[in-house]
Amino acid sequence: MYFKDTFCENCGAAVVLNYGDIDLETRAVIKKTPHVVCDTCGDLARENRRRSLNWWKDKERINDAGFPEDLIKWDSIKGNNTLYESIKAAQMRWLWISGSHGTCKTRALCALGAELLIRKRWKVAYYRAVDLGTKVSALYSKSVDKAEAFQRKLAWGFDLIIIDDLGKEVVTPRVIEFIYGLVDARAVSRKPLWFSTNLDGDSLERLYKKENHGPAILRRLRENCETIQAFKKDMPAIAKGGN
Ligand SMILES: Nc1ncnc2c1ncn2[C@@H]1O[C@H](COP(=O)(O)OP(=O)(O)OP(=O)(O)O)[C@@H](O)[C@H]1O
Ligand SMILES: [Mg+2]
Ligand SMILES: [Zn+2]
């Protein structure tokens, strides 16, 4: 073995380096450490590698949950902090978040949903209502079993379901039947459901009432939800008038 006194390339601490074995014939060092660091810096590097690996896993989970990646970072200078804090305080419940265009509903839902997914390891699913509607219609056109399996998964398999912009979906008997089944089952499982909408309760009711289970959806939501109103006046001055 061949040892040498040297210094950590990172912090400058003294390091006794094991250069490895020496070939006695050629006197050449066979194994050479490529990057000299002390034990402390080595541990730190390993910890950082482990963290960045977790970060990639979190990123994957965020994508799987359906969150648009550019919407999960909360900026308290730009954002509606009143809304953010209200949702956070009531996160374990069913939330009906209403408010007009640009009041930070989507941003707050995504930021808080992703936070629960990462910090508390919740299983979360985020859908824009319009995408959920399209997906449900496509599943039903393949097979009723597939659609019902998806409904069961959403009802029972997630700690939190987020539906953004309810009322923007194309309303069909199938879609309404699906939403009703979902809401009804989650009322039994008692796990949180958050949704946002630009519509007030009466408009949502008008939109749904021509379908069979439409009025029942509204009844369930009204029974179970805590209402949170997002106001323009709570938007920071810097954010008023756009992104
Ligand atoms: N990183 C950020 N963190 C918090 N708020 C942000 C951030 N970036 C932009 N914003 C604010 O979010 C606003 C957009 O809000 P958002 O799209 O969530 O509204 P919304 O209530 O969902 O509207 P809509 O009803 O049209 O869907 C922007 O106008 C800006 O003020
Ligand atoms: Mg939105
Ligand atoms: Zn070091």
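Criterion first (assigned to a loop (DSSP other than H, G, I, E, B) and touching a Gly at 6+ places or on another chain (Cβ under 6 Å)) does E211 satisfy it? Walk me through how you get there before you give the answer.
Details: assigned to a loop (DSSP other than H, G, I, E, B): yes; touching a Gly at 6+ places or on another chain (Cβ under 6 Å): no.
No.
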Exclusive hit being touching a Pro at 6+ places or on another chain (Cβ under 8 Å), of a type in the set (A, V, I, L, M) and more than 11 Å from ligand 2 (Cβ to nearest atom), set L112, L160 = L160
Among all residue pairs at least 6 apart or on different chains, which show Cβ distances below 6 Å where the first residue, located in region 217-243, is under 13 Å from L95 (Cα atoms) and at pLDDT 90 or above and the second is among the hydroxyl-bearing types (S, T, Y) and part of a helix (DSSP H, G or I)?
-> I228/S86
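In the list G79, G113, which residue meets the criterion of being out of contact with any strand residue (DSSP E or B) (no Cβ under 7 Å at 6 or more places or on another chain), in contact (Cβ under 8 Å) with a residue 40 or more places away in the chain and small (G, A, S)? Steps first, please.
Working: G113 fails: out of contact with any strand residue (DSSP E or B) (no Cβ under 7 Å at 6 or more places or on another chain).
Being out of contact with any strand residue (DSSP E or B) (no Cβ under 7 Å at 6 or more places or on another chain), in contact (Cβ under 8 Å) with a residue 40 or more places away in the chain and small (G, A, S) holds for just one of G79, G113, which is G79.
Kindly indicate whether any position in region 101-118 is among the hydroxyl-bearing types (S, T, Y), surrounded by fewer than 14 Cβ atoms within 10 Å (Cβ to Cβ) and within 16 Å of ligand 1 (Cβ to nearest atom). It would help to see each step written out before you state the result.
Of the residues in region 101-118, the ones among the hydroxyl-bearing types (S, T, Y) are 103, 106.
Then drop every residue that is not surrounded by fewer than 14 Cβ atoms within 10 Å (Cβ to Cβ), which leaves none.
Looking for residues that are among the hydroxyl-bearing types (S, T, Y), surrounded by fewer than 14 Cβ atoms within 10 Å (Cβ to Cβ) and within 16 Å of ligand 1 (Cβ to nearest atom), one finds none in region 101-118, hence no.
With region 45-164 as the region, which helices (runs of 4 or more DSSP H) entirely inside it contain at least 2 residues that are hydroxyl-bearing (S, T, Y)? Full working, then the answer.
On the way: elements: 81-89, 105-119, 129-142, 144-156.
Fully inside region 45-164 and qualifying: 81-89, 129-142.
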Going through region 175-200 one residue at a time, which ones are of a type in the set (G, A, S), under 24 Å from L112 (Cα atoms) and part of a helix (DSSP H, G or I)?
-> A185, A187, S189
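Name the one entry in E177, E115 that is acidic (D, E) and over 21 Å from the mean Cα position of the chain (by Cα).
Details: E115 fails: over 21 Å from the mean Cα position of the chain (by Cα).
Testing whether each residue is acidic (D, E) and over 21 Å from the mean Cα position of the chain (by Cα) leaves just E177.
Looking at region 165-182, which of its residues are away from ligand 2 (no atom under 16 Å from the Cβ) and touching a strand residue (DSSP E or B) at 6+ places or on another chain (Cβ under 9 Å)? So that I can check it myself, show each step before the final result.
At the first step, the residues of region 165-182 found to be away from ligand 2 (no atom under 16 Å from the Cβ) are 170-182.
Across region 165-182, the qualifying residues are I179, L182.
The values are calculated or read from the model by the stated rules, or taken from the named source; none is laboratory data. Everything numeric here is computed off the predicted structure, so don't read it as measured data. For neighbour counting, all protein chains shown are included, and Cβ atoms are generated from backbone atoms with ideal geometry for every residue, glycine included.
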